[in-house]
Amino acid sequence: MSIAKKEYKRVTVKSLVDMKRNGEKISMLTAYDYSMAKIVDAANVDVILVGDSASNVMAGHETTLPITLDQMIYHASSVIRAIDRALVVVDLPFGSYQSDPKEALRSAIRIMKESGAHAVKVEGGAEIKESVKRILAAGIPVMGHLGLTPQSIYKFGTYTVRAKEEVEAEKLKEDALLLEKLGCFGIVLEKIPANLTKEVSESLTIPTIGIGGGKHADGQVLVIHDLLGMTHEFNPRFLRRYMNLYEEMGKAISSYVSDVKSMDFPNNEEQY
Ligand code: KIV
């Protein structure tokens, strides 16, 4: 089926719900800095996620837990300066919203005010209900995140597929309905079975965005370093690499090193 794509000069949370209603899939990709965000935005990606995966791919931490609110604001403001079209969603980092709703609101306000972002994302369902309500009541759009929620990695113990068993799948379905009822504008579904993504997506009017959730989500998200093949040791089944930038960059940099050593660079035309 070919889908007539509506042009969105500026993507808003409302555009995403319209896209779902019109059967247009939503593209979402992470970015953490100005130069990358400029390229991502110019390529018409609908949503840029300033993910707390910055903790892994930008800072080299093993998990997403160490990144701070100040660091997320720094990344988000760099991204915001680059974009003309995309909706920019920023992860509330671990520890900035789970303990109490007032702190959650303070954290979300700091992100919106200090970075200029358009929305925040939080991980979890019923456990963080009061925080989600409080943030939404202040007029800040909230995206949910269910399934494999990396901020809970020490509870899960592994990064394997979530909600394969009925009890966990039922809880996920209830959490998704709850997040929609509270007023979230979308939900990321990470690493869950494709048939569960289908069921959840069909039960909601707000869009689901999958990562390792299969083709029935209303949109897809990837970490840009993975899509570009910069994180060459990370090979989950759900990942499609569109480049092997690790190798390409390595070759370019080695050429530069050998040109400097051999005094080929700079040549007469490359000096003043
Ligand atoms: O932090 C992140 O990049 C994310 C995506 C994996 C959805 O939350």
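Per-residue ellipticity at 222 nm computed for the chain from its helices equals -12000 deg cm²/dmol, with DSSP H segments shorter than 4 residues left out and the rest contributing -39,500 (n - 2.57).
Applying the Karplus relation 6.51 cos²θ - 1.76 cosθ + 1.60 with θ = phi - 60° to region 249-264 yields 3J(HN,Hα) values of 5, x, 5, 4, 5, 5, 4, 4, 4, 6, 5, 5, 4, 8, 6, 7 Hz, where x marks Gly and Pro.
Relative to the dominant Cα principal axis of the chain, helix 69-80 is inclined by about 70°.
When the square roots of the Cα gyration tensor eigenvalues are ordered a ≥ b ≥ c, the ratio a/c for the chain is 1.5 or more and a/b exceeds b/c, which makes its shape prolate.
Loop by DSSP (not H, G, I, E, B), at most 14 other beta-carbon atoms within 10 Å: where is the longest site-free stretch of the chain for GluC sites (Glu not before Pro)? Don't skip to the answer; put the middle values down first.
On the way: sites that count: E7, E62, E165, E233.
In the chain, the maximal stretch lacking such sites is 63-164.
Subtracting the Cα-Cα distance of K251 and K155 from their residue separation scaled by 0.36 nm leaves 30.5 nm. Of K38/K171; K129/K191; K113/K133, which pairs sit farther than 30 Å apart, going by alpha carbon to alpha carbon? Violating the 30 Å Cα-Cα cut-off are K38/K171. If a/c stays under 1.5 just call it rounded; otherwise compare a/b with b/c (prolate if a/b is bigger, oblate if not). Do that for region 159-272, with a ≥ b ≥ c from the square roots of the Cα gyration tensor eigenvalues. Prolate is the answer for region 159-272, as a/c is 1.5 or above and a/b outweighs b/c. Our coupling estimate for region 199-206, obtained by passing each phi through the Karplus curve with A = 6.51, B = -1.76, C = 1.60 and θ = phi - 60°, is 4, 5, 4, 6, 8, 10, 9, 7 Hz, Gly and Pro reported as x. Database remark: amide H of H145 closer than 5 angstrom to the amide H of V122, G124, V188 (H placed geometrically; neighbours at sequence offset of 5 or more, or on other chains; Pro and chain starts carry no H).
List the relative contact order of the chain as a percent without decimals, with contacts defined as Cα pairs under 8 Å and 6+ residues apart. Before the final figure, lay out the partial values.
Details: 501 pairs, mean separation 41.8, N = 272.
This gives 15 percent for the chain.
Only the Cβ atoms of Lys and Arg (+1) and of Asp and Glu (-1) were treated as charged; on that basis the dipole of the chain about its Cα centre amounts to roughly 840 debye. Each residue of region 119-125 was assigned a 3J(HN,Hα) from its phi angle through the Karplus curve 6.51 cos²θ - 1.76 cosθ + 1.60 (θ = phi - 60°); the sequence is 6, 10, 10, 10, 9, x, x Hz, with glycine and proline shown as x.
Neighbour counts of other C-beta atoms within 10 Å: give me S254, S78 arranged from fewest to most.
S254, S78
The trypsin sites (Lys or Arg not before Pro) of region 152-224 meeting both criteria, a DSSP state outside H, G, I, E and B (loop) and at most 14 other C-beta atoms within 10 angstrom of the site's C-beta, are K164, K215. Centroid-to-centroid, using Cα positions, region 33-81 and region 124-147 are 21 Å apart. Would you work out which of V89, V17, Y32 lies farthest towards the positive end of the dipole of the chain? Charges go on Cβ: Lys and Arg +1, Asp and Glu -1. Selected residue: V17.
Each reported figure results from applying straightforward, stated rules to the coordinates on display, with no laboratory input. Nothing here was measured: the structure is a model prediction, and the numbers come from that model. With ideal geometry, Cβ positions are generated from the backbone for all residues, glycine too; neighbour counts draw on all protein chains shown.
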